[in-house]
Amino acid sequence: MRRTLLMAAVPALLAGCGSDPKLIRVEGTVTYRGRPLTNGMINFEPTDPAKGDEAASALIGPDGRYRLRTRKPGDGIAPGSYRVAVRSDAEPAGSGASAIPPEYESADRSPLTADVAPTPDQQTIDFTLTGTKTGTKSPPRPPE
């Protein structure tokens with residue numbers, strides 16, 4: 001009897017070991033001032049890390065497109081709510097504009113959020129960045 005219970009329990013234990021939560025493939029485009037960013041990084045950070053959701057990130061390609069990864073390229077992200085940060089020093093394609101405003105660089109300050117639904121298995125989430133680049137100017141130099 002004991003052996004039968006053990007034999008029945010082993011497959012159940014193995015099924016739970018190493019099983020990952022369902023990951024949703026998320027891709028999209030990041031634009032600023034109406035044009036795609038030509039490079040950079042996008043990060044999705046869970047709004048409630050206590051739930052166990054992991055952050056995901058992606059490189060932004062020359063056409064402004066990204067595809068999220070959690071552990072390996074293109075594997076996706078767990079369903080949930082996320083704060084989103086974008087970092088890029090590139091000018092948006094053909095815009096002549098400077099890099100994106102710094103408020104997008106940190107998920108804590110960024111106005112961007114995303115909700116990844118449990119279905120469908122593949123989702124598109126596009127981001128349009130707005131605002132103007134802010135920063136500090138150097139004080140004028142005194143005359144010599």
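Computed values, structure above
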{"read-out": "Listed peptides 109-120, 37-48 by packing density, highest first (mean Cβ within 10 Å)", "value": "37-48, 109-120"}
{"read-out": "Length gained when the stretch LYS51-ASP115 is fully extended (0.36 nm per residue, less Cα-Cα span)", "value": "21.6 nm"}
{"read-out": "Förster radius 30 Å - calculated FRET efficiency between ASP126 and ARG71, Cβ distance, rounded to 0.05", "value": "0.80"}
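Throughout, read-outs are computed from the coordinates displayed, never taken from laboratory work. Every value quoted in this text rests on a predicted model; they were computed, and no experiment measured them. Note: ideal-geometry Cβ built from the backbone for every residue, glycine included; neighbour counts use all protein chains shown.
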